[in-house]
Each structure stands twice: as structure tokens, then as C-alpha cells.
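The values are calculated or read from the model by the stated rules, or taken from the named source; none is laboratory data. Note that the coordinates shown come from a computational prediction; the quantities given were computed from them, not determined experimentally. All Cβ positions, even for glycine, are placed from backbone atoms using ideal geometry, and neighbour counts span all protein chains on display.
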Amino acid sequence: MLAAPRFAATIAACLAGVALAAPPPDEAAGWPMAAHDYANTRFSPLSDIDTSNAKELKLAFTFSTGVVRGHEAAPIVAGGLMYVVTPYPDYVYALDLAKPGAALKWKYDPKTEASAQGVACCDVVNRGGAYADGRFFFNTLDDNTIALDAASGKELWRAHLGDIARGETITMAPLVVKGKVLVGNSGGELGVRGWLTALDAASGKVAWRAFNTGPDSEALIGEGFAPFYASDRGKDMGVSTWPPNAWKIGGGTVWGFVSYDPDLDLLYYGTANPGPWNPQQRPGANKWTSGVFARKPADGTARWFYQYSPHDLHDYDGVNEHVLVDLTIDGTPRKVLLHPDRNGYVYVMDRATGEVLSATAYVPITTSTGVDTHTGAIAWNPEKEPKAGRMVNDICPASPGGKDWQPSAWSPRTRLLYIPHQDLCQDAETYEVSYIAGTPYVGADLKMKPGPSGHRGVFTAWDPVARRAAWKVEELFPVWSGALATAGDVVFYGTMDGWFKAVDARTGSALWKFKAGSGIIGQPVSYRGPDGKQYVAVLAGIGGWAGAVVAGDLDVRDPTAAGGFANVMKDLSQHTTKGGMLYVFSLP
Amino acid sequence: MCSRFPRRAAAALVALLATAASAAELRVCADPDNMPYSDTRGLGFENRIAALVAAEMGMALRYEWMPLRRGFVRKTLGANLCDVLIGVPAGFDRVLTTRPYYRSAYVFVHRRDQPARGFDDPRLRSMRLGVQLIGNDLAATPPGLALAEHGAVENVTGFTIYGEGPAAERMVEAIEHGGLDGCLAWGPQVAYFARRADPPLEVTLLTAPAGMEAIPFTFPISMGVRKADGALRDRLDRALERRHADIEAILDSYAVPRLAGGTP
């Protein structure tokens, strides 16, 4: 290990002369980044598999990852290889798609520190890697970003970005924009200060780091910062909206997906919940947590910010994806971003300015009564505010929100956003004795339960212009997988009880399904193989926050386990077992 | 491949023998670095109590080290890594607990020239105070909540329970160096460091302020075993009762503040 820095430096020097152009994603054939494209559409332009033939889909090949925790990653396909990143220990496998059965070409073991496992809040997941210019980039749970030679799997550099001893981990999939690798941290529950960091793709050197709490100088907020709403304007609001010093450990981490608009030259990413303080201990809006930043990729400077959940009371976060599309709203063409937030609203925002054009409930909501698009303010319902000494029932949506990390997909053909999500509420009961690190305390124990629909999971096709669901499919468990839309008007998603499903993009009618060996919480992708055929791939492997009862062998007799999620997932172990496996399908 | 089977069989036999032998072993899970409770050198008071109880039961003491973090019970007792946790709150729902062998409280730690104040004292709001941060959504220590209820948040600094060294130690250092006027922390943890401070700091027991009586500031502490291990729990109860005086002496030597009601 001592030789590693010198080795990395040598490689970096060799590569320094190579210009790193923005990756022209090989959209027709491959899947170079977790969300397929910078706009985060998860839309495959391939149409060989369509609504008439999807029922003939057959298993083409499988690959066991050798890891049994929650598999949330998207397989990455570029240059005839498929790259699979596993949960901790964060192995990377490269499969040669030109060889029969997609033979293993190389495996890379980052030697992730075992102690990182005890730090991660919600299973030891990894949401995947990114391919750009002959390199494969990914993150490890113990806070490394690693660049590999995509052809050989040889390590080119690794950048150590955080400290697991302080509760900091990395679980997100990086995005590569204009020669920079964008990476964010996780661990807001544990007193981590959230950031987005840009690394030089050639060398791994930090180009800039933008903190999501603290003074403007560290949040990279300057003259160009022009938020749409007055509530986000002011000096050093990342300090003034907190009790003194609380911002230093205030959360606002970045563990979701980053998107990018090349025309506006703006990055978009959501910030996570404030922490680790009890809400009563952190009066104020707690900026810049539970919101969205638009930043310039060159130097990280902020263009605008909007806060979905000021003074987040319910652990709602703002990390869910931002899908960049162009819509005609009230007769006017607008460049918008679509964002189904954990607080239960689908936001349609002008992505140039940060103006909220609409915010419409897509799940039953009791915690707020609406969003004022003129002021940008969400109207919280004080009756549902968790408070010490008070029992609060029917908090909807529950802490994982109307939708958690599981990314939605957009079809430019149907103009619908396909949202995998849950319908859960929770009761906050007070005062169960607990202890941690030798410290006894009493907490508000959350117990989640099915929402009003009675179905814990829903797959919704959402029309963002009409502001209503076009159709819905109800599922037994939260739909914790990503969604995939294709030009064949087939939409794919997986269920926690192990079904991989294809439905008609226009009607939601079932077209095909396959029972995988373990529950599916991964991100399905589609690509054209070297043989010219369209394939659909997904990782199975139950886990994540929702699946922790199985992946972590939790005792479901403790309803408050996994932050109260165990209470509503008690029966999951009767439906699936652990096991990481790649499944790839094609037409015969 | 063929040679594997005999080796496996031998391993199984060894495992079987080990299980048989473990009847005479008290398997304890403890944090390898969490003074004053435990460390791998055996210097913590829970280390000493474990040794005392094992000796009383005529068993060999064996440690399995595991940082006391999220999932601790599941990874220790739940995974059959060990059989006993030395200090858990009595009635802790995840385990079967012995009768409490001591009872302690949250305390206010301060310099001698900074007198202890109640939560209703308005001067509290101007004091620079430290509290432990639990690091779990909506959770807070009882005095942390009480401070928030009394509007004392502006000058309160949180010390995360995960970090370099115990939060209690870091808070005491901050008081020593003038960065804090005081801290409100769990007694057994912080009193140990407060006594070692130079000069030693004052430790005052805290009680729940008016209107917050539902929130306990005191906790009885027990040993914990798996819920099905009633027989082991009973043996531990007997040992704790017989060695009560010795345990008291150990707790005294670590300056563990105590209240009545922790007698087995």
C-alpha cells in the first residue's frame, strides 16, 4: 500500500496529456452511467423488445456476484463489456459480452475496510459506477473513489475522500461531467457534514468541494447565486439557519443521483436530511439540507437552490433524482426538472431558475397541506410534528417518503414519469429505552405501517403536465428497484419478492414476468449486445433499508428495527432470501 | 476435493468439542475501545465486573470484541458470538436482563467556579454546554431534549457518540481547555473523565425538569443475555447478588455516580 501513491502519481502523469472530453454516451448501444444519460431519463432508445413480443423474453445469462447484501447498482455497459459493482466489499466484475455466456474478463477487489459495514445506516449498498473515456469509476463504502482501466481492471488512481470513523460512507454512483468525477457522501444520521466533490478524472485530484451546510465560502455560494425564492437568499444561510456550530455536523449529504444539463451547463443534485440533532435541537430552516442545488461543473459554484423540506421533521431528505425534460406547460415550452420527493409531491421546476411550476401529491400526505409556488414554502401540518413526550399517529408518508432512492424513468414517447415507490405511513411512539456506545436514552420509536391504499408498494406512471397518475400497479412490498423505460414502450421494474416485470408503458398492463432467486432492488438497464440483439439486465439481491429485515437478518419481533421499517416488512422473509445475482434477458 | 471432506469432518468435531467446552466459558461481547466501560486491555469497569462474575460462577472469561454501534445486539447475542452483555439498561427490549446491579443518572459536569444550575435558570441559555448526540433519527439524550425545551440551543454543542474517543472524554477536554462551560452527559461515562481532569471537575446529578417527568434521567443498569437464556440470566443474578459489595467497590473506583435502586 505504501507504493500506491507513487504508482498512482505515475499513471496520472502518463494520462495528464490525454484530453478528457465529456463522454459522448453511446446511447444507442450501451448504458454508460447509472441513469443512462445526463438527463437521468433511464430511457433506452432500443425498441426490438416491444409490447407485442415482450412475453417471449428469455433468460440469456446469469452471473452470481458472490455477495448477499442489498444490490442496488445499475449494471454499466460500454465498449462490449458489462461492469457490475456489488454491495460491500464493493467488488467490480467486468463481463465480456462478446464471449458465450458473457465470460468474466476481470475482477477488481478494492479491499474495502470491514469496519465500514458497521457505519452504514441502511445496508452496505453501492448504487453503481460510471464509464467514461476508457475508464471505469466507482465509490467504496469506506470513502474511496477509484478509477480503473476499463479494459484491464487495473487501478489508475484512488482518492480517499472521507472518514468512516466519523460515520462517513459513500454509496452513490458517481457521474462524470467534462473531465470531472462527481461524488457525494452518506451518513447524515451520524453527524457527517454533506458535500459534493469534483475529482479530476485523469488524476483523482480534488478539483472542488461544495459543502451543503456552513458559510457561503464553503458552500461555493457567490455572486452568481440567484435562487428563485426570497427564502433562499441571504448571507451565510448555511450558518444562520442553524444553532451555532450545529451546521458543522448538520447532514445534507449527497447519496442520490446527479444530473447535468449541457446547454445550461448546470449540475443538479439533492441534499439529504439534517442531522444528527433531534428537530427540537436544531431550530431553523437548516440550509442547505433536504433541497436541490444547481451548480456549475467547472468550479462548483452554486447557481440556485430550493429547499423541498425546510427544517425537515420527518427524515424526508431531498436526495431523490432530478429528471431533466422539456415540457410545454400552460402553452409555454419550459426546460424543467421532474422530482418525486420523499415528502410526497412531484415537483416540476424550471431548471434554469429554480421556480416551482407545480408540486402535486402522488401519495396520501398528512404531514403537509401543500406547496405555495409563489413563495416556494411547504405548509407543514403541526399536528404531525414529532415531539418529545407526544405520540403522533398516521404520519404520511413515513420517513422513507412517498419514494426513497429508487429512481424513476421517463419516456419521451409517452411523456410519462415511471415512479417506483411505496405507500407507507408511520406512528411515532415515545420512549422506548435504548442504548448506544454505552449511552442509555429514550427515543421516539417509529413504527411504519401500510398506507391508506393497503398496498405497501406502487408503480405509478405520472403525467407531469396533467399532474395526475395515468395508471398505477399495486405491489405487495415497496417497489424498491429502479425503473427502466424503452422505445419499445415496455417499462421494467423489480419487486422485493423477486419478480422482474415488464408492463405496457401506456396502460400498465402486465406483459411478462420472471421470478428471480432473491428480491430485486437494483436498477434495470437495456443495451444492444455485440450480437446486435437488445438485452435487459438487472441485479437481484434483497437488502437496502426496506429489505434490511432479510439482508441483515433483523429480528422482526423488534418492530422498531431498521428505523421502524421492520414493522411493515415482517413477512418479507417468507417471500425471499438473500443472494446477489445478475439476470440478463433477451428475445429468443 | 476428496481431502476436503475429512478436513471438514475434523473441523466439525473440533467445533463440537468447543461447544462442549464452552459450558465452562462465559462469553462476553464488549466494545474494544470504550473507556471507562471496556477496552482490550481489560481496564474498564465492565471488564473488571465481568472477571469478578466469571470467577464467581467458576467459568473462564472469553471476550469477543465488537464496537458498540448500530446493530450491536444483532451482531453479538443475535449471531451467537457471545452470551452476555455486561451493561444494558434494565428492561432493554432486545435482550433478557438481570436485576439491575447499579443505577445511575445523567449529570451536569462543570468547573468548581461555575455552580450547577437547574434547567429553569435563564443563565443556562448563555452557557456554552456540550451534549452527546445519539445519531439516530429523532433521538436525543434526555438533558439534550430538556435544554431544547428550555430554549437553550444557541450555545449548545453536540458531540457525536461515534468519533475519536468517547464523546464524554472530548467534552471534558473542551471544558478543561475553556471551550465549554459545562456538559450534560451520562454519569458513568463522563464522571470517570471529570475526575481525571486537572483540576477535577464537579459532577452534579440531574433530575427531570417540571413538565418532562415522563423522560427518565436515571437508568438502572443490568446484564443482558438472549431472551431464551433464562437459566444463564438466573446464574448471573445469583453471582451479582453474592459479589454486590465487590461490584460497589469497582464502581466506586471508577467514580460511577449512583442512586439507590440498583441493588440486586
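Look at B:Thr40 and say whether it is polar (S, T, N, Q) and within 20 Å of B:Asp93 (Cβ to Cβ). Please lay out each step first, then the result.
On the way: polar (S, T, N, Q): yes; within 20 Å of B:Asp93 (Cβ to Cβ): no.
Answer is no for this residue.
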- Message: Being among the aliphatic types (A, V, I, L, M) and modelled with pLDDT of 95 or more is true for just one of A:Leu196, A:Leu190. Which residue is that?
- Response: A:Leu196
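Taking the options B:Leu26, B:Leu43, B:Leu52, name whichever one is surrounded by fewer than 23 Cβ atoms within 10 Å (Cβ to Cβ), away from chain A (no Cβ under 14 Å) and over 29 Å from B:Gly135 (Cβ atoms). So that I can check it myself, show each step before the final result.
Numbers: B:Leu26 fails: surrounded by fewer than 23 Cβ atoms within 10 Å (Cβ to Cβ); B:Leu43 fails: over 29 Å from B:Gly135 (Cβ atoms).
Just one listed residue meets the conditions, B:Leu52.
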- Message: Yes or no: the stretch B:80-102 includes at least one residue that is part of a loop (DSSP other than H, G, I, E, B), of a type in the set (Lys, Arg) and closer than 27 Å to B:Val172 by Cβ.
- Response: no
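Do the conditions hold for A:Asn185, that is, is it at pLDDT 95 or above and in contact with a Pro (Cβ under 7 Å, 6 or more places away or on another chain)?
For A:Asn185, the condition - at pLDDT 95 or above and in contact with a Pro (Cβ under 7 Å, 6 or more places away or on another chain) - is not met.
Here are B:Leu147, B:Leu180, B:Leu124: which of them is more than 30 Å from B:Ala245 (Cβ to Cβ) and in contact with a Phe, Trp or Tyr (Cβ under 8 Å, 6 or more places away or on another chain)? Even if it seems obvious, please write down each step before you answer.
Working: B:Leu180 fails: in contact with a Phe, Trp or Tyr (Cβ under 8 Å, 6 or more places away or on another chain); B:Leu124 fails: in contact with a Phe, Trp or Tyr (Cβ under 8 Å, 6 or more places away or on another chain).
Selected residue: B:Leu147, the only one of B:Leu147, B:Leu180, B:Leu124 that is more than 30 Å from B:Ala245 (Cβ to Cβ) and in contact with a Phe, Trp or Tyr (Cβ under 8 Å, 6 or more places away or on another chain).
Of all the residues that make up the stretch B:29-54, how many are within 20 Å of A:Ser115 (Cα to Cα), aliphatic (A, V, I, L, M) and outside any loop (DSSP other than H, G, I, E, B)?
Taking the stretch B:29-54 and keeping what is within 20 Å of A:Ser115 (Cα to Cα), we get B:29-35, B:38-40.
Those still in the list that are aliphatic (A, V, I, L, M) too: B:30, B:35.
In the following step, the residues that additionally are outside any loop (DSSP other than H, G, I, E, B) were identified as B:30.
Looking only at that region, the number is 1.
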- Go through (1) within 19 Å of the chain's Cα centre (by Cα); (2) within 18 Å of B:Val203 (Cβ to Cβ) and name the single condition B:Ala146 misses. (1)
- Residue check for A:Gly238: assigned to a helix (DSSP H, G or I), within 16 Å of A:Gly300 (Cβ to Cβ) and away from chain B (no Cβ under 14 Å): yes
- Note on the structure: Of (1) within 13 Å of another protein chain (Cβ to nearest Cβ); (2) outside any loop (DSSP other than H, G, I, E, B), B:Phe108 fails just (1)
- Could you run through the stretch A:347-391 and say how many residues are away from chain B (no Cβ under 14 Å) and either among the charged types (D, E, K, R) or closer than 17 Å to A:Gly457 by Cα (or both)? 10
- Task: Go through the stretch A:266-301 and give me each residue that's crowded, with 24+ Cβ neighbours inside 10 Å, more than 14 Å from chain B (Cβ to nearest Cβ) and out of contact with any helix residue (DSSP H, G or I) (no Cβ under 6 Å at 6 or more places or on another chain).
- Result: A:Leu267, A:Tyr268, A:Tyr269, A:Gly270, A:Thr271, A:Gly291, A:Val292, A:Phe293, A:Ala294, A:Arg295
- Task: Tell me which residues, restricted to the stretch A:302-311, are more than 21 Å from the chain's Cα centre (by Cα) and within 14 Å of chain B (Cβ to nearest Cβ).
- Result: A:His311
- Task: Output the number of residues of the stretch A:422-465 satisfying the condition of being in contact with a Gly (Cβ under 8 Å, 6 or more places away or on another chain), at the interface with another protein chain (Cβ under 9 Å from one of its Cβ atoms), small (Gly, Ala, Ser) and over 23 Å from A:Val392 (Cα atoms).
- Result: 1
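Residue-wise test of (1) over 22 Å from A:Asp326 (Cβ atoms); (2) without any contact (Cβ under 8 Å) to a residue 12 or more places away in the chain; (3) among the polar types (S, T, N, Q).
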site	(1), (2), (3)
A:Phe211	yes, no, no
A:Gly224	yes, no, no
A:Met237	yes, no, no
A:Thr241	yes, no, yes
A:Gly252	yes, no, no
A:Tyr268	no, no, no
A:Lys287	yes, no, no
A:Gly291	yes, no, no
A:Arg295	no, no, no
- Looking at A:Thr328, A:Thr353, which is the one that is over 19 Å from A:Ala35 (Cα atoms), of a type in the set (Ser, Thr, Tyr) and outside any loop (DSSP other than H, G, I, E, B)? A:Thr328
- If we keep only residues of the stretch A:99-122 that are in contact with a helix residue (DSSP H, G or I) (Cβ under 7 Å, 6 or more places away or on another chain) and surrounded by fewer than 19 Cβ atoms within 10 Å (Cβ to Cβ), then the residue modelled with the highest pLDDT is A:Glu113
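Out of the residues in the stretch A:204-231 that are among the hydroxyl-bearing types (Ser, Thr, Tyr) and within 20 Å of A:Tyr268 (Cβ to Cβ), which is surrounded by the fewest Cβ atoms within 10 Å (Cβ to Cβ)?
The first filter runs over the stretch A:204-231 and keeps only residues among the hydroxyl-bearing types (Ser, Thr, Tyr), leaving A:213, A:217, A:229, A:231.
Within this subset, residues satisfying the condition of being within 20 Å of A:Tyr268 (Cβ to Cβ) are A:213, A:229, A:231.
Values: A:Thr213: 29, A:Tyr229: 19, A:Ser231: 17.
Only one residue tops the list, namely A:Ser231.
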- Query: Among the candidates A:Ala540, A:Ala551, A:Ala562, which residue alone is buried (at least 24 other Cβ atoms within 10 Å of the Cβ) and either away from every other protein chain (no Cβ under 14 Å) or closer than 25 Å to A:Tyr418 by Cα (or both)?
  - Reply: A:Ala540
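Being assigned to a loop (DSSP other than H, G, I, E, B) and over 15 Å from B:Val107 (Cα atoms) narrows it down to one residue among B:Ala208, B:Ala214; which is it?
Values: B:Ala208 fails: over 15 Å from B:Val107 (Cα atoms).
After ruling out the rest, the residue left standing is B:Ala214.
Do we find that B:Gly87 is modelled with pLDDT under 95 and at the interface with chain A (Cβ under 10 Å from one of its Cβ atoms) in this structure? Spell out the reasoning first.
Values: modelled with pLDDT under 95: no; at the interface with chain A (Cβ under 10 Å from one of its Cβ atoms): yes.
No.
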- Note on the structure: Of the residues in the stretch B:131-161 that are within 19 Å of B:Met35 (Cβ to Cβ) and surrounded by fewer than 24 Cβ atoms within 10 Å (Cβ to Cβ), the one that is farthest from the other protein chains (Cβ to nearest Cβ) is B:Phe159
- Message: When you scan the stretch B:186-205, do you find a residue that is farther than 30 Å from B:Ser126 by Cα and among the small types (Gly, Ala, Ser), even just one?
- Response: no
- Test A:Ala210 against the criterion of being touching a Gly at 6+ places or on another chain (Cβ under 6 Å), not basic (Lys, Arg) and not in a helix (DSSP H, G or I), and give yes or no. yes
- Query: From the residues in the stretch B:211-236 that are of a type in the set (A, V, I, L, M, F, W, C), within 24 Å of B:Ala55 (Cα to Cα) and in contact with a strand residue (DSSP E or B) (Cβ under 7 Å, 6 or more places away or on another chain), which one is nearest to the other protein chains (Cβ to nearest Cβ)?
  - Reply: B:Ile221
- Pairs, please: C-beta under 6 Å, at least 6 apart or cross-chain, first residue touching a residue at least 40 places away in the same chain (Cβ under 8 Å) and away from chain B (no Cβ under 11 Å) and in the stretch A:392-408, second of a type in the set (D, E, K, R) and part of a loop (DSSP other than H, G, I, E, B)? A:Gly401/A:Arg342; A:Pro407/A:Glu321
- Which of the residues spanning the stretch A:170-189 are out of contact with any Cys (no Cβ under 8 Å at 6 or more places or on another chain) and assigned to a strand (DSSP E or B)? A:Leu175, A:Val176, A:Val177, A:Lys180, A:Val181, A:Leu182, A:Val183, A:Gly184
- Query: Can you name the residue in the stretch B:162-210 that is within 14 Å of chain A (Cβ to nearest Cβ) and surrounded by fewer than 15 Cβ atoms within 10 Å (Cβ to Cβ) and is also farthest from A:Gly275 (Cα to Cα) among such residues?
  - Reply: B:Ala210
